[in-house]
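Down below is the structure, laid out as structure tokens.
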Amino acid sequence: MYYDQARYGQNGEYEPLLSEKDSTTVEVGGAASSAGGDENAADGDGSPLPDHLTRDSLTLPELSEPELARHYTRLSQMNWGVESGPYPLGSCTMKYNPKFTEDAAGDPNAAVHPDRSEQSVQGTLEVLHGLQEYLGRVGGMDAVSLQPPAGAAGEFAGILVAKAYHETRGDDRTEVIIPSSAHGTNFASAAMAGYDVVELPSDEDGRVDLEALRAAVSDDTAALMLTNPNTVGLFERDIVEIAEIVHDAGGLLYYDGANLNALLGRARPGDMGFDIMHYNVHKTFATPHGGGGPGAGPVGVVEELAEFLPSPRVRETETDSLTEPGYELFEPERSIGKVHGFQGNWLVLIKAYAYIARLGDEGLADASAKAVLNANYLGSRIDYEIPYAPFHHEFAATAGEQDAADVAKRMLDYGVHPPTTKWPEFVPEAMLTEPTEIENRETLDDLAAAFNAAASEDDETLATAPNRTTARRIDQASAARDPRLSWHALESDGE
Amino acid sequence: MTRERGRGSPFAPHTAAETAAMLDAVGVDDEEALFDIPDEVAFDGEFGIEPRGEAEIRAELARTFAKNDDLTEFLGRGHYAHYVPSLVDHLSLRSEFLTSYTQYQPEITQGFLQALFEYQSLLVELTGLPVANCSMYDAATALAEAARLAGRVRATTGARVLVPEPAFLRAGKRGVLDNYVDGTDLSVETYPMDDGNVDVEALSELVDDDAVMVYAENPTVRGTIEERIDEVAELAHEHDALFCLGSDVVALSLLREPASVGTDVVVGEAGVLGLPTSYGMGLGIFATREEFLRQVPGRLVGASEERVAPGAERNGDGSAAEASGRRVYTLTLQTREQHIRKERATSNICTNQAWVALRTAMHAMYLGPSGLVELAEDCVRRAADLAGRIDDIVGYQAPVHDRHHFREFAVRCDQPAAAIAEDLEGKGFAVHVVDEHLLQVCVTDANAAHADALVAAFEEVA
Ligand SMILES: Cc1ncc(COP(=O)(O)O)c(C=O)c1O
């Protein structure tokens, strides 16, 4: 029943490329003359550059295509993806990535350079504009920039928008308030923008503590960063009041879009009083996570802040009624400028557009309905306690007396990917679980069985897990104590 | 069993019966009962997004993309096209790679970790520096992170970051840098260039103990190859500033090894291998010295061993229960990162460009050392050849700078550059306009077959 990863790769070590047996050293350079070697350049014999401009040699694997194909196939077999089995990693929204979106992004006509003239890339601008529109509607935001290449980059852009807004008003604010249960990127993004971070504790229900918030806001408050539903899946029921408290203090409300999959079609950050938000398109809109990226983190704002968005954005050109609309790039009036060298992760944005178009209103609403149903169904089947409810698309179970990280390792033996562990910190031994809408009941039952098997096992069993995986428990301390970050380091270690 | 689904998500597998049974198990009548959303913020409107079928959307997008003019691009300036071998698509698209995420559970993600370890190793080989992370978003954010690193490790009280004058640093890159240092005490200043190379004399006037980092590119955004890179590095070091070099993985295969001139941080673009032309999407390089290891932004993969709990009986198959001694991989030194260090993290980066790094490694391994060097040498030869041919046409001088070039070069034109570019576009070619009478042309294996036609077009519009 359980998917057994042990059938992959258990028969021993798999050498990295560029072990000595594979590698070849090529001499580089070697042209006789110094500058003016251009004469040689055209006829192609020898190096086209004088020696003092080139490296001496290059040592890399020299493998044939069939050898490489086997190498990477083998590596892929030692890797777990959404298509391998359930992947309920909390806060990460590991959805199925529809195949056709990949094909759509591979359209050769979409492979254009960012410096093309606007009139020659009308198709690209139209899709970008279409996605700006879609995202604006889904989030209840008036204007969207697609430039940030990931959620954290969206946060950084959004906080810079807040900063520019305050500065434009001659208002010098120094603090960003963030709930202690927020994602690490929130803190880091605010700090990168130069703000002091004020941590907000959760109340007993796991939500924003209104009294603590009132005490925290001041003339120094630039923004409050919040996700809703929050990290344990609870809707911040006091959101209107929260918005009031922050706005009354002159601050802005920032929405971390990582949890948007809970709300599609039922609530929009813009309607809740949020002024700025980012979308995690690799979560909510099903673009592949790619082993850690690329994603995209578009940033949306209310009308009043549109003039600060990153540059360029796309808009329709004025046309008469007879011609098709055209599109152009423009720089918002007081733009914060750039957060990516060009215009972000274009290929990812195409996939997001295709996904949203495929689902439409009903599909998006249904995705949230099923994501929330799945989390609640799974939650109802597991033996671990879930201290905070009612949760939506994800829940934080507690491993209680057990070590959540050990439980996760043991779950690997049962052929599932475990939840996010030990976060948020206010839930002891947290196991943050987000099955998403893509799992059917049977798979959820398998997941519950994996949780429950671990729940009934002794510490010894958990501590020595996993046993059926490609690799057994990996020594983290050794990796950090003696960092070996390349094959060069392995070789100099005499390994 | 036939699956009856309404117009819900096609990617939610629930049948009506399943949904009913699950609702029953949870103890509610319908899904709406699970949403704890106060009425005052409930959204009952519609997005107005009509769902379409897969075929419909593909057709729609194909029609839309067909509105992009079919131009042959001779464009570069930071985003380059090299032919990507089929192997890269076929293998990188294997779903075990594509649909996985950050390797929080290394025991079941050894494959991706090893591929990233190999990517890091590639960068270590190319730069000569011992530490390379497994990706930044792009070259611009990598440069910006380098400046922030320089600020954190500075040996002086200085705060100036010196970068090339605007003509030699893309506005986008400069803009990202400005934003990333906005929240620090660092300030960005420029130094002049001298005919496509760093004006070392002018720079020496500008570098003093107030500088924390000097940034130069090789090749430059105009395609010129830097000839005095060692002197630039030396200047920086004389004043305890870091020397940061911007390059790309193809150029690094041929040009002077950064470590050999004392480079402290290498940034730049790795997506030149593995990524097709993609409207500026990239993969940022970040490599540095051992001493800055704990200040590195982003993810690092390291080798390790399997851990064995003492006395644990573990093997169902009868094999020995001791440590295998087997080499394994894991993300490491994570205390630098945002999920642990929060506002004191080295960077806010979380999701990065891992899958592009996988593709870059595949492409590089496909080429091998001789293939890489050959590709890089061709970048020099082709640029010299095409520049010479354009120079032969009355009304143009190329290359503008009296240097060796890599992939691209500037062209001075007697006529206004914008008008010429427009005429060339009418003939099916895209080139850069960089100044009133300055064009820029980039030639690689991806467009070289059209070089003759481009030369002919230049002749016609001269
Ligand atoms: C709640 C939350 N916020 C922000 C982020 C950061 O997004 P990204 O990884 O795309 O930078 C994440 C990502 O895991 C998240 O879970």
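Observations on the structure shown:
- The packing ranking, built from the mean of other Cβ atoms within 10 Å per residue, places the peptides A:400-410, B:396-406, A:365-375 in the order A:365-375, B:396-406, A:400-410, highest first.
- Kyte-Doolittle at least 0.5, axis length at least 18 Å by Cα - qualifying DSSP helices, chain B: B:110-127, B:139-153
- Summed side-chain charge close to B:Asp199 - residues other than B:Asp199 whose Cβ falls under 10 Å, Lys, Arg +1, Asp, Glu -1: -4
- Neighbourhood net charge (13 Å Cβ-Cβ; Lys/Arg +1, Asp/Glu -1) for A:Asp271: -2
- The protein assembly as shown: antiparallel DSSP beta bridges as a percent of all, rounded to 5: 60 percent
- As a calculated quantity, the FRET efficiency between B:Arg152 and A:Ala389 at R0 = 41 Å, using C-beta atoms, amounts to about 0.45.
- Ranked by how many other Cβ atoms sit within 10 Å of their own Cβ, fewest first, the residues B:Ile340, A:Ile177, B:Ile49 fall in the order B:Ile340, B:Ile49, A:Ile177.
- Amide H contacts under 5 Å for A:Leu200: A:Ile178, A:Ser180, restricted to partners 5 or more places along the chain or on a different chain, H placed in the peptide plane at 1.01 Å from N.
- Using the Cβ-Cβ distance between B:Arg326 and A:Glu304 with R0 set to 56 Å, the FRET efficiency works out to roughly 0.45.
- Nearest-20 debye value, the range A:89-171 charge dipole, Cβ charges on Lys, Arg, Asp, Glu: 240 debye
- Size descriptors for the range B:1-55: radius of gyration and Dmax over Cα atoms are 14.4, 42 Å.
- For chain B, the pair-distance distribution built from all alpha carbon pairs, in bins 10 Å wide starting at 0, is 4, 17, 23, 22, 17, 10, 5, 1, 0 percent.
- Karplus 3J(HN,Hα) series, Hz, for the range A:121-134 with 6.51 cos²θ - 1.76 cosθ + 1.60 (x for Gly, Pro): 10, 4, x, 4, 5, 5, 5, 4, 5, x, 6, 3, 4, 4
- The length gained by stretching the chain between B:Asp44 and B:Asp392 to full extension, at 0.36 nm per residue less their Cα-Cα distance, is 118.5 nm.
- Charge tally in the Cβ shell below 9 Å around A:Val302, where Lys, Arg are +1 and Asp, Glu are -1, A:Val302 excluded: -4
- Percent RCO, i.e. relative contact order, over the range A:345-493, from Cα pairs under 8 Å lying at least 6 residues apart: 23 percent
- Computed over the alpha-carbon atoms, the range B:151-260 gives an Rg to Rh ratio of 0.94, Rh here being the Kirkwood radius from the mean inverse distance.
- Pairwise label distance in nanometres, B:Asp24 with A:Asp142, each label 7 Å out on the Cα-Cβ vector: 5.0 nm
- When you count the other C-beta atoms within 10 angstrom of each residue and take the mean per peptide, A:459-470, B:229-240, B:371-382, B:277-288 line up highest first as B:277-288, B:371-382, A:459-470, B:229-240.
- The Stokes-Einstein estimate for the range A:278-317, based on a Kirkwood radius over Cα pairs and taken at 4 °C with 1.567 mPa s viscosity, is a diffusion coefficient of 108 µm²/s.
- In this Cβ point-charge picture (+1 for Lys and Arg, -1 for Asp and Glu), the protein assembly as shown has a dipole of about 1700 debye about its Cα centre.
- Rh by Kirkwood over Cα pairs, then Stokes-Einstein D for chain A at 1.306 mPa s and 10 °C, µm²/s: 63 µm²/s
- Peptide B:86-98 shows a mean partner chain C-beta count of 6 within 10 Å per residue C-beta.
- Counting every alpha-carbon pair across the protein assembly as shown, the share separated by more than 41 Å comes to 36%.
- Taking amide H atoms as placed 1.01 Å from N in the peptide plane, the amide H of A:Asp142 lies under 5 Å from those of A:Val301, A:Val302, A:Glu303, each 5 or more residues away in sequence or on another chain.
- Cα-Cα P(r), the range A:349-495, percent of pairs per 5 Å interval: 2, 9, 15, 17, 15, 12, 10, 9, 7, 3, 1, 0
- Taking θ as phi - 60° and the Karplus parameters 6.51, -1.76 and 1.60, the scalar couplings of the range A:147-160 work out to 5, x, x, 6, x, 4, 5, x, 4, 4, 4, x, 5, 5 Hz in sequence order, x denoting glycine and proline.
- Length-normalised contact order for chain B - Cα pairs under 8 Å, 6+ apart - percent: 19 percent
- All Cα pairs of the range A:238-389, percent lying beyond 19 Å: 67 percent
- Figure legend: label point modelled 7 angstrom from the Cα of B:Ala453 along Cα→Cβ; residues of the range B:62-93 with amide N under 13 Å from it are B:70-74.
- Peptide A:348-357 has a mean shielding of 4, counted as Cβ atoms of other protein chains within 10 Å of each residue's Cβ.
- Of the GluC sites (Glu not before Pro) found in the range A:284-321, the ones in coil according to DSSP and having at most 15 other Cβ atoms within 10 Å of their Cβ are A:Glu318.
- Exposure proxy ranking, count of Cβ atoms within 10 Å, fewest first, for A:Thr287, A:Thr319, A:Thr443, A:Thr174: A:Thr319, A:Thr174, A:Thr443, A:Thr287
- Sites A:His52 and B:Glu189, calculated FRET efficiency, Cβ-Cβ separation with R0 30 Å, nearest 0.05: 0.55
- Cβ crowding within 10 Å, taken as a proxy for footprinting-reagent exposure, orders A:Phe426, B:Phe409, A:Phe285 from fewest neighbours to most as A:Phe426, B:Phe409, A:Phe285.
- Figure legend: label point modelled 7 angstrom from the Cα of B:Ala419 along Cα→Cβ; residues of the range B:429-459 with amide N under 14 Å from it are B:436-438.
- With the convex hull of its Cα atoms as the shape, the range A:100-357 has an orientation-averaged projected area of 14.2 nm².
- Across peptide A:177-186, the mean count of Cβ atoms from other chains lying within 10 Å of each residue's own Cβ comes to 3.
- Close amide-amide hydrogen proximity is noted between B:Thr72 and B:Phe429, B:Ala430, each under 5 Å apart and 5 or more residues distant or on a separate chain (H modeled in the peptide plane; Pro and chain starts excluded).
Here, each number is a calculation from the coordinates, and none is a lab measurement. Treat the numbers as computed from the prediction; the structure is a model and nothing was measured. Cβ sites come from the backbone with ideal geometry, for glycine too, and all protein chains shown count toward neighbours.
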